[in-house]
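Accompanying notes for the structure given below.
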Amino acid sequence: MFTGITNSMDYFTDTGIGTLWLAPFYKSPMLDAGYDIVDHEQVNPLFGKMADFDKMVKKIKAKGLNLIVDFVPNHTSDQHEWFKKSVRKESPYDDYYIWRDASSWNGSEPVPPNNWVIRHLI
């Protein structure tokens, strides 16, 4: 992704695009379009390497374009270290997530909150 964007910079400027907005590109199992982040400090190898990102940012700046990065600290994977520590009730992560018992919906079996299965019940 980063290399493709870098190589497309002339197209962006020629068509009058002034701002690029990147969806999450952090390390993720990609079960939720990249919003299920495992590590906010690592780049998902699907999109390139950190060096590719740095090169892209330099070219964006050189072309006078703006960059918006969709940084979502309130979305994590269950593989994220914050989540694992919250499960273990380790401070200060013990209250990073809302923990509650599963509940029923329209007479269904109890479904844990934030479980994608619940979307089919609503």
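Values in this text are rule-based calculations from the coordinates and carry no lab data. Keep in mind it's a predicted model, so treat the numbers as computed, not measured. A quick note on method: Cβ atoms are made from the backbone with ideal geometry, for glycine too, and the neighbour counts reach across all protein chains shown.
Close amide H partners of Gln42, meaning residues 5 or more places away or on another chain with modelled amide H under 5 Å apart, are Lys27. Using only Cα atoms, tell me the angle between helix 50-62 and the longest principal axis of the chain; keep it within 0 to 90° and round to the nearest 10. Long axis of 50-62 versus the principal axis of the chain: about 50 degrees.
Within straight-line reach of Lys89, meaning a Cα separation under 20 Å, sit the following aspartates and glutamates at least 8 residues removed in sequence or on another chain: Asp39, Asp78, Glu81, Asp101.
Taking the Cβ of Glu41 as the center, what net charge do the other residues with Cβ under 12 Å away carry, scoring Lys and Arg +1 and Asp and Glu -1? Around Glu41, the charge tally is -1. Summing charges over neighbours of Pro110, with a neighbour being any other residue whose Cβ is under 13 Å away from its Cβ, gives -1 when K and R count +1 and D and E count -1.
Taking other residues whose beta carbon is less than 13 angstrom from the beta carbon of Glu90, and scoring Lys, Arg as +1 and Asp, Glu as -1, yields +1.
The fraction of Cα-Cα pairs per 10 angstrom bin, counted from 0 for the chain, comes to 12, 31, 27, 17, 11, 2 percent, rounded to whole percents. Hey, for a label at Asn66 modelled as a point 7 Å past Cα toward Cβ, could you say which residues of segment 1-18 have their backbone N under 16 Å away? Correct set: 13, 16-18.
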